[in-house]
Every structure is written in C-alpha cells, then in structure tokens.
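Chemist: Supplied in structure tokens, the structure appears directly below.
The values are calculated or read from the model by the stated rules, or taken from the named source; none is laboratory data. Keep in mind it's a predicted model, so treat the numbers as computed, not measured. Glycine gets a Cβ as well: all are built from the backbone with ideal geometry, and neighbour counts include every protein chain shown.
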Amino acid sequence: VKTAVDSFGKVDIVINNAGFLRDKSFLKLTWEDLDAIIDVHLKAAFYVSQPAFAIMKENGYGRFVHTASNATFGNFGQTNYAAAKMGLVGLSNTLSVEGARAGILSNVIMPVAKTRMTEELLGDFANYLAPELVTPMVVYLASEACTTTHGQFSAAGGRYAAVSWTLAQGWYAGPGVTPTAEDIQAHLDEINNPEGAIVPQSTTDEIAALAQRFTA
C-alpha cells in the first residue's frame, strides 16, 4: 500500500487475488495445510485492505474486489480453501457496510477459469473458460461506473451471474413459545421455503425482518 501511495499519491482500488491450493480430504488435512491457506487467502486480504481502507476513507472513494471461489458451495478436498474464501465474503460484506458513507464499494468475484491450478481438474471443459473472460466483471467492479456493493458475482466463460446468500421468511413458533426439536422437524418445509426470501445487505436487515415478524 505504501508503494502505491508513494508512486501514485493515493489508493483507489484493491483487488485481493493472492492464492494457491493445498487440497486434501478433511481427515487428511493438517494444521499446517489450514494455516497456509488462511494466511494467504484471508489474512493477506486483511493486511492489504486495512491500510488501503484508511486512505480510501480519507479520500471519500474506493473500490474493493475480492477473489473468492465456487468452492464455497462445497467441493471435495477443499475445506481449508472454501473456509478461507467464505471468509473473504464476510470481509467484503462488512467493508461494504463500513465504507458506504465514504464512497467505498466492496464486491466479490467468483471466477471459473482455465489456470495452472484448474486446467488438470477441469479437463477439456477448461477450453470454454478463458481467464480473460473474467476480466470485464473485475474491471467494472473496480471502476468509477460501478454502483454495486455487497455483491458476489460468478464469472465463467462469458456468463456472468449474481450469487446471493438469502434469508427465508421461515417459521415463527409464536410469542412465549419454546419449540421442541420435533417442532423444527414438523416445520422444515416452512423453514426452507424460499418464497419471500430476502438478500440481507447487513445484520440490520435481519433484525428488521425479525422485528416485523415479532410484531405482526
């Protein structure tokens, strides 16, 4: 960050893209495998983002783009990697909240592309996934034209799609009621029903949804 400021006078954009793989099934994973991935993917993003955020806040402008992964959906042998990448989603969402008043936007990119890390894994399918097809989404999210924040976006082979973490309406047991595990089982369909689900933009959104439900 200091090098950027010394060279350009300020920092407008941070793209947290550092990463590597150390894949093992969960029971074979060592603490060293976990720490190595967390250090590079998640902690490094904190170390770069915090001083950059301070400069952006002072200048009233900033753009963060964090590289996560569809491994956060769940992928065999990638518990360490998926956990670190989901940590980036939490980091980005919170930066979007803390940076809102200062003109700082923060988003996540979840690329699927042919790289040295993925070529063998993807096989012939990798031929559809030129890495340069990820670039337009990153450029937009890092640009002045971008008005989106608190977002997660998949970019793969020229297909671009929002990825959302939704909160269902759920089931409310009622005031003063302490439900049992059997009650939970009996109402699973209602708990899982996606109709009327929202995409919270902050913790406050869930509190508001709860307050509305409790006072209805």
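Chemist: Which residue pairs have Cβ atoms closer than 8 Å, lie 6 or more positions apart in sequence or on different chains, and pair a first residue in the range 54-81 that is more than 15 Å from Ser92 (Cα to Cα) with a second residue that is among the basic types (Lys, Arg) and in a helix (DSSP H, G or I)?
Modeler: Ala71/Lys85
Chemist: Could you list, ordered by first residue, the pairs with Cβ atoms under 8 Å in which the first is in the range 115-140 and of a type in the set (S, T, N, Q) and the second is part of a helix (DSSP H, G or I), at least 6 apart or interchain?
Modeler: Final answer for the pair search is Thr115/Pro131; Thr118/Ala126.
Chemist: OK, next. Look through Glu206, Glu195, Glu190 and report the one residue that is touching a strand residue (DSSP E or B) at 6+ places or on another chain (Cβ under 7 Å) and outside the structural domain of Val89 (by TED's automatic domain parsing).
Modeler: One residue alone meets the criteria, Glu206.
Chemist: Of the residues Glu120, Glu182, only one is charged (D, E, K, R) and either farther than 30 Å from Arg22 by Cα or at pLDDT 95 or above (or both); which?
Modeler: Glu182
Chemist: Oh, and also: Quick one: would you say Ser25 is of a type in the set (Ser, Thr, Tyr) and without any contact (Cβ under 8 Å) to a residue 12 or more places away in the chain?
Modeler: For Ser25, the condition - of a type in the set (Ser, Thr, Tyr) and without any contact (Cβ under 8 Å) to a residue 12 or more places away in the chain - is not met.
Chemist: Being at pLDDT 95 or above, under 18 Å from Ala52 (Cα atoms), touching a Lys or Arg at 6+ places or on another chain (Cβ under 9 Å) and not assigned by TED's automatic domain parsing to the domain that holds Ser202: is that true of Leu105 here?
Modeler: yes
Chemist: How many of the residues making up the range 42-70 are under 23 Å from Ser164 (Cα atoms), surrounded by fewer than 16 Cβ atoms within 10 Å (Cβ to Cβ) and touching a Lys or Arg at 6+ places or on another chain (Cβ under 7 Å)?
Modeler: The number of residues fulfilling the criteria is 0.
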